[in-house]
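See structure below.
The values are calculated or read from the model by the stated rules, or taken from the named source; none is laboratory data. Computed from a predicted structure; not experimentally measured. Every residue, glycine as well, gets a Cβ built from its backbone with ideal geometry; the counts of neighbours run over all protein chains shown.
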């Protein structure tokens with residue numbers, strides 16, 4: 001009899017998170033879907049089926065995240081995989097000299113709170129449950145996959161806040177892997193390039209075509225399913241640990 005695998009996915013109502021939920025369910029996982037109460041998480045979960053449970057969660061909230069972990073424990077008694085996809089974006093110059101206005105501090109802080117603090121908040125609270133697992137055939141108790149992005153490496157004009165977030169998540173990867181090693185938990189980060197998700201849907205078609213043409217191969221934006229495929233590859237490769245993996249079709253900005 002196949003063993004039951006359980007995952008907790010944040011930012012799960014759309015984009016990379018939803019694609020990851022879909023793929024994990026197809027792999028036989030039970031999934032705790034975490035997203036804002038204002039998201040379409042409930043309807044998405046209902047459409048996927050009984051192997052998914054939506055838990056309204058603001059990743060910045062200790063109470064919300066702990067509740068999601070508690071629900072996971074009550075329903076399944078364990079947690080094998082954490083995938084942090086929750087994130088927001090902003091495009092703003094440090095200072096707009098034409099308008100004489102500075103980048104709003106609250107806007108910068110909010111990005112850091114959701115993308116960086118939220119990511120850490122989820123994994124710090126959820127690994128306690130993961131650490132109680134029996135060691136599996138690969139000699140591990142679980143896997144964590146965080147999400148950063150290309151702005152950590154090739155930050156563009158107006159991406160100071162986003163680059164700071166992506167860089168912070170990348171920088172946490174190795175020490176997190178070292179922190180978790182004694183408990184037999186692996187940790188990696190995926191750094192996507194430009195993907196066709198709600199975060200990029202506001203871009204005009206000509207801008208999307210421009211970015212697609214800049215991508216060496218394939219000449220298009222990434223598909224969320226390709227991110228989900230890499231999540232599963234990380235899980236299935238027990239020697240991947242402490243690594244930041246770019247997923248961008250070799251796209252580089254200068």
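Remarks
- Residue 59 more than 16 Å from the chain's Cα centre (by Cα) and either modelled with pLDDT of 95 or more or surrounded by fewer than 18 Cβ atoms within 10 Å (Cβ to Cβ) (or both): no
- Screening the candidates 196, 205 for the property of being modelled with pLDDT under 95 and within 22 Å of residue 245 (Cβ to Cβ) yields one hit, 196.
- Residue match in segment 65-77 (condition: farther than 29 Å from residue 135 by Cα, part of a loop (DSSP other than H, G, I, E, B) and either more than 19 Å from the chain's Cα centre (by Cα) or without any contact (Cβ under 8 Å) to a residue 12 or more places away in the chain (or both)): no
- Residue match in segment 90-110 (condition: surrounded by 15 or more Cβ atoms within 10 Å (Cβ to Cβ), at pLDDT 95 or above and assigned to a loop (DSSP other than H, G, I, E, B)): no
- When restricted to residues that are within 26 Å of residue 248 (Cβ to Cβ) and out of contact with any strand residue (DSSP E or B) (no Cβ under 9 Å at 6 or more places or on another chain), segment 24-61 contains 1.
- Each residue in segment 177-205 was checked for being over 15 Å from the mean Cα position of the chain (by Cα) and either buried (at least 20 other Cβ atoms within 10 Å of the Cβ) or over 18 Å from residue 223 (Cα atoms) (or both), and 10 pass.
- Here is the figure for segment 1-39: residues that are free of Cβ contacts under 8 Å to residues at least 12 places away in the same chain and either surrounded by 23 or more Cβ atoms within 10 Å (Cβ to Cβ) or assigned to a strand (DSSP E or B) (or both) total 0.
- Residue 252 falls short of the stated requirement of being closer than 30 Å to residue 139 by Cβ, in contact (Cβ under 8 Å) with a residue 12 or more places away in the chain, surrounded by fewer than 17 Cβ atoms within 10 Å (Cβ to Cβ) and over 15 Å from the mean Cα position of the chain (by Cα).
- Restricting attention to segment 140-171, the residues that are assigned to a loop (DSSP other than H, G, I, E, B) and either in contact with a helix residue (DSSP H, G or I) (Cβ under 8 Å, 6 or more places away or on another chain) or modelled with pLDDT under 95 (or both) total 8.
- Test: residue 114 is modelled with pLDDT of 95 or more, closer than 19 Å to residue 10 by Cα and touching a helix residue (DSSP H, G or I) at 6+ places or on another chain (Cβ under 6 Å): no
- Qualifying residue in segment 221-235 (condition: within 16 Å of the chain's Cα centre (by Cα) and assigned to a loop (DSSP other than H, G, I, E, B)): yes
- Of the residues making up segment 206-229, those that are closer than 30 Å to residue 128 by Cβ and surrounded by 21 or more Cβ atoms within 10 Å (Cβ to Cβ) number 3.
Rundown of residues vs (1) farther than 20 Å from residue 18 by Cα; (2) in contact with a helix residue (DSSP H, G or I) (Cβ under 9 Å, 6 or more places away or on another chain); (3) at pLDDT below 95, yes/no style:
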position: 212; (1), (2), (3): yes, no, yes
position: 215; (1), (2), (3): yes, no, yes
position: 220; (1), (2), (3): yes, yes, yes
position: 225; (1), (2), (3): no, yes, no
position: 232; (1), (2), (3): no, yes, no
position: 247; (1), (2), (3): no, yes, no
position: 254; (1), (2), (3): yes, yes, yes
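- Search result, residues across segment 59-77 that are out of contact with any helix residue (DSSP H, G or I) (no Cβ under 7 Å at 6 or more places or on another chain) and within 14 Å of residue 29 (Cβ to Cβ): 75, 76
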